[in-house]
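First comes the structure, then the notes that go with it.
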Amino acid sequence: MRITSFLNNERLNLSNLFPLIQYFLPKGGVGEGHHNLDGILTYCSGLQSGSAYDSYSQLFFNGAIEAVDSDIVRGEGGARVAVGGIASVAYERQVIEAVGSYFRGYKELGVAPPVAISMALLGCEGSYLHVDPRLSFRFTARRIDRDTAILPDVVAESLDENVAKLMKPIFDAVWNACGYPRSLNYNDKGEWAPRR
């Protein structure tokens with residue numbers, strides 16, 4: 001995630017585990033974490049999966065973060081499936097909250113920007129967005145046409161940036177993959193303002 005992580009051999013002091021876990025949980029909320037060879041690994045279980053872990057974040061000693069959530073695509077009744085729907089508001093909210101929390105963790109660790117954010121959807125061919133019908137009637141929704149969707153990168157020049165605005169190009173790309181011109185969760189001013 002951090003640009004400087006790939007340019008030098010800096011090694012963050014991650015010895016104080018418990019205050020750091022709260023910033024680097026992949027979904028926020030309740031989860032666990034521990035030190036590992038690479039840094040700090042945190043993980044959470046979803047509401048649907050019971051005790052099974054469905055997401056993790058790895059904070060590396062060099063400051064890079066890898067976050068994975070296997071619980072984004074849902075079928076009928078909320079069941080996890082290989083191909084199904086992506087709740088457009090819920091997944092965007094989850095990403096915004098996670099990135100914001102990672103930025104707060106970076107501040108706690110004294111990490112300086114810039115920060116590059118990359119995102120991809122894996123195993124997503126045939127998936128689609130669940131969209132408020134009041135917003136989608138003008139468009140012909142499509143299913144994602146590839147198994148791996150690599151989304152555009154964004155760069156934060158400050159850890160105080162508005163995360164929702166920062167993530168808009170990435171969210172727009174997911175909506176583009178599903179037949180929409182942009183994320184309909186943003187208003188004309190580019191502010192994240194999903195309809196309830």
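Some points to look at:
- Among the residues of region 4-30, just one is aliphatic (A, V, I, L, M), modelled with pLDDT under 70 and more than 20 Å from the chain's Cα centre (by Cα), namely Leu7.
- Entry remark, region 162-196: residues being in a loop (DSSP other than H, G, I, E, B) and either touching a His at 6+ places or on another chain (Cβ under 9 Å) or in contact (Cβ under 8 Å) with a residue 40 or more places away in the chain (or both) number 9 in total.
- When the residues of region 123-143 are filtered to those that are farther than 17 Å from Phe171 by Cβ and not charged (D, E, K, R), the one that is nearest to the chain's Cα centre (by Cα) is Gly123.
- Region 59-79 - residue that is within 19 Å of Ser127 (Cβ to Cβ) and part of a loop (DSSP other than H, G, I, E, B) and, of those, modelled with the highest pLDDT: Ser70
- Selection within region 31-52 - surrounded by fewer than 14 Cβ atoms within 10 Å (Cβ to Cβ), out of contact with any helix residue (DSSP H, G or I) (no Cβ under 6 Å at 6 or more places or on another chain), modelled with pLDDT under 95 and in a loop (DSSP other than H, G, I, E, B): Leu47, Gly50, Ser51, Ala52
- Filter result for Asp153 (within 18 Å of the chain's Cα centre (by Cα), within 23 Å of Leu59 (Cβ to Cβ) and either free of Cβ contacts under 8 Å to residues at least 40 places away in the same chain or surrounded by fewer than 19 Cβ atoms within 10 Å (Cβ to Cβ) (or both)): yes
- Pairs, first closer than 18 Å to Glu66 by Cα and in contact (Cβ under 8 Å) with a residue 40 or more places away in the chain in region 111-129, second basic (Lys, Arg) and buried (at least 20 other Cβ atoms within 10 Å of the Cβ), C-beta under 7 Å, six or more apart: Val111/Arg2; Val115/Arg2
- When residues of region 107-150 are limited to those that are part of a loop (DSSP other than H, G, I, E, B) and in contact with a Ser or Thr (Cβ under 7 Å, 6 or more places away or on another chain), the one surrounded by the most Cβ atoms within 10 Å (Cβ to Cβ): Val131
The values are calculated or read from the model by the stated rules, or taken from the named source; none is laboratory data. Worth saying up front: this structure is predicted, and the values here are computed from it rather than measured. When we count neighbours, we look across all protein chains shown, and the Cβ atoms used for this are built from the backbone with ideal geometry, even at glycine.
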